[in-house]
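The values are calculated or read from the model by the stated rules, or taken from the named source; none is laboratory data. Computed from a predicted structure; not experimentally measured. Positions of Cβ are backbone-derived with ideal geometry, glycine not excepted, and every protein chain shown enters the neighbour counts.
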Amino acid sequence: MAGLNDSNINFHYSLPSTSKMRTRLSATATVCDRYNVSGRAAATITSAVLQDFGTISEVDTSHAVDKNKVRRDRSLKRSELQPHSNEKWHTARDDSIAIFFDGRKDKTLCQIKEGNKFYQKAIAEEHLSIVIEPGSQYFDHVTPASGSALASAQIS
């Protein structure tokens, strides 16, 4: 039996690989935003394509893509594109503010009392979203009393 001081004993241990995939997926992020693909679906599709090309195998999964990688790359790509998206709204003085109305009709849940009971009912209301430009910042929303933005515009 070998003792602790025996020089013939060799201890070998290995640490798990901690390599990270640092490749940006900017084209993937752009396409996923364009076609409204969820982060989880985008990660699954991207990993499947990488597996088909042989980049990912059962032994080496260091290039596998998860939903957080897609989320981070989407966020980076959006922040890169954001300064360019509002250039058409800038003026020479660069201090103009415009207010836009979208006039969309939304289904709104409201409670209606009949007798001693309350019932939920979905009604279609026109909500006017007020947006400040440049920067497309949400300011407020209003609901016309008459139910129509056209009637509100004629009153003014």
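Of all positions in segment 54-65, none carries a residue that is at pLDDT 70 or above, of a type in the set (Gly, Ala, Ser) and over 30 Å from Thr23 (Cβ atoms). If you go through segment 19-53 and pick out every residue that is out of contact with any Lys or Arg (no Cβ under 8 Å at 6 or more places or on another chain) and either modelled with pLDDT under 60 or assigned to a helix (DSSP H, G or I) (or both), you end up with 14. Here is a check on your reading of the model: is Ala145 assigned to a strand (DSSP E or B) and either at pLDDT 65 or above or touching a helix residue (DSSP H, G or I) at 6+ places or on another chain (Cβ under 6 Å) (or both)? No.
For segment 19-40, how many residues are of a type outside the set (Ser, Thr, Tyr) and surrounded by 14 or more Cβ atoms within 10 Å (Cβ to Cβ)? Count: 7. In segment 88-107, the count of residues that are surrounded by 12 or more Cβ atoms within 10 Å (Cβ to Cβ), at pLDDT 85 or above and either out of contact with any Phe, Trp or Tyr (no Cβ under 7 Å at 6 or more places or on another chain) or not hydrophobic (A, V, I, L, M, F, W, C) (or both) is zero.
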